[in-house]
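Down below is the structure, laid out as structure tokens.
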Amino acid sequence: MSLMSPRSCGLAFLFAASLAAVGCGGDEVKYVPRPANSGAKASLPPVANVPKKPIKNGEAYTVWGASYYLRSPVHTKEVSRKKLSITGYITKTNLGEAPACAVHKGGKADPENCKPPIPAFWIGDTKDAPENETIKVMGWASNFAQIYDAIAEFDKGKKDAEHVDTFWQVKVPNPLPAKGAKVTVKGDYGTTFSKSSTGAEADPFMGMLSYEEMTVAEPASEISTLPGVKRKPQK
């Protein structure tokens, strides 16, 4: 028969006392169920009021509609690298920015240090749309000399006068793009314009339109021209 040591007896006594203390505790706290809608409610911000803008204006896309589809993973295949018609207002052209060295007859090269931009205009859904809400249109004239020759042809007074760009073989629009005009422009739409010999230009947010043809729904208040070039009144 084995005898417990005094230390073992003390540990056994403390263990038994702890069990007794657990069994003799205070009253048990009862669980009281609460309804799901009780207590403080979460404070959530109001739902954003996102304006619903039209994707199309008749058969043509709006500027917002084309650019929204371009950015959308769901719809990008419907517009990217597709031939589209887009309706909007011309908000800006860069004809007035043509340097004097680039304003001359076609067939004459610009001076070596002359670095003009490629002719372009921008269309938006409103006349005063900011540039970051517009689509840049290029490809309607390869340089300002082509526009110079087009003006000379247009101002002869012949009905439906035309001038074909020598390098890009595209008809320069008549009338020339002018701020304030409401137009429908048809062309290849995507994120880049690559016809320029100076390199590609890109806009992955609004996209870029490579010009093919343009119709005017509302003419501008003034005809467009180049710096130093006077226009004849249009009939």
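The values are calculated or read from the model by the stated rules, or taken from the named source; none is laboratory data. Keep in mind that what you see is a predicted model, and the values were worked out from it rather than measured. Note that we place each Cβ from the backbone using ideal geometry, even for glycine, and neighbour counts take in every protein chain shown.
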Discussion item. So for segment 197-214 (the condition being farther than 14 Å from Ile86 by Cβ, small (Gly, Ala, Ser) and touching a residue at least 60 places away in the same chain (Cβ under 8 Å)), does at least one residue qualify?
Written reply: no
Worksheet item: What are the residue pairs meeting all of these: first residue in segment 129-155, first residue touching a residue at least 24 places away in the same chain (Cβ under 8 Å) and assigned to a loop (DSSP other than H, G, I, E, B), second residue crowded, with 18+ Cβ neighbours inside 10 Å and among the polar types (S, T, N, Q), Cβ atoms under 8 Å, and 6 or more apart or on different chains?
Response: Ala129/Thr91; Thr134/Thr91; Gly139/Ser210
Worksheet entry | Count - residues of segment 102-159 that are among the small types (Gly, Ala, Ser), crowded, with 18+ Cβ neighbours inside 10 Å and more than 21 Å from the chain's Cα centre (by Cα) | 6
Worksheet item: Any idea which of (1) touching a residue at least 12 places away in the same chain (Cβ under 8 Å); (2) surrounded by 14 or more Cβ atoms within 10 Å (Cβ to Cβ); (3) under 20 Å from Ala202 (Cβ atoms) is the one Ala60 doesn't satisfy?
Response: (3)
Discussion item. Going through Asp203, Asp165 one at a time, which residue ends up being within 21 Å of the chain's Cα centre (by Cα) and at pLDDT 95 or above?
Written reply: Asp203
Worksheet entry | Yes/no for Gly96 being surrounded by 14 or more Cβ atoms within 10 Å (Cβ to Cβ), within 28 Å of Pro219 (Cβ to Cβ) and either of a type outside the set (S, T, N, Q) or in contact (Cβ under 8 Å) with a residue 60 or more places away in the chain (or both) | no
Item to complete: Could you tell me whether any residue of segment 163-172 is buried (at least 19 other Cβ atoms within 10 Å of the Cβ), of a type in the set (Phe, Trp, Tyr) and under 27 Å from Asp110 (Cα atoms)?
Response: no
Worksheet entry | Failed item in (1) in contact with a strand residue (DSSP E or B) (Cβ under 9 Å, 6 or more places away or on another chain); (2) without any contact (Cβ under 8 Å) to a residue 24 or more places away in the chain, with Tyr189 passing the rest | (2)
Worksheet, complete the sentence: In segment 173-186, residues that are in contact (Cβ under 8 Å) with a residue 60 or more places away in the chain and either surrounded by fewer than 21 Cβ atoms within 10 Å (Cβ to Cβ) or part of a strand (DSSP E or B) (or both) total 8
Discussion item. Filter segment 156-172 down to the residues that are polar (S, T, N, Q) and touching a helix residue (DSSP H, G or I) at 6+ places or on another chain (Cβ under 8 Å) and list them by number.
Written reply: Thr166
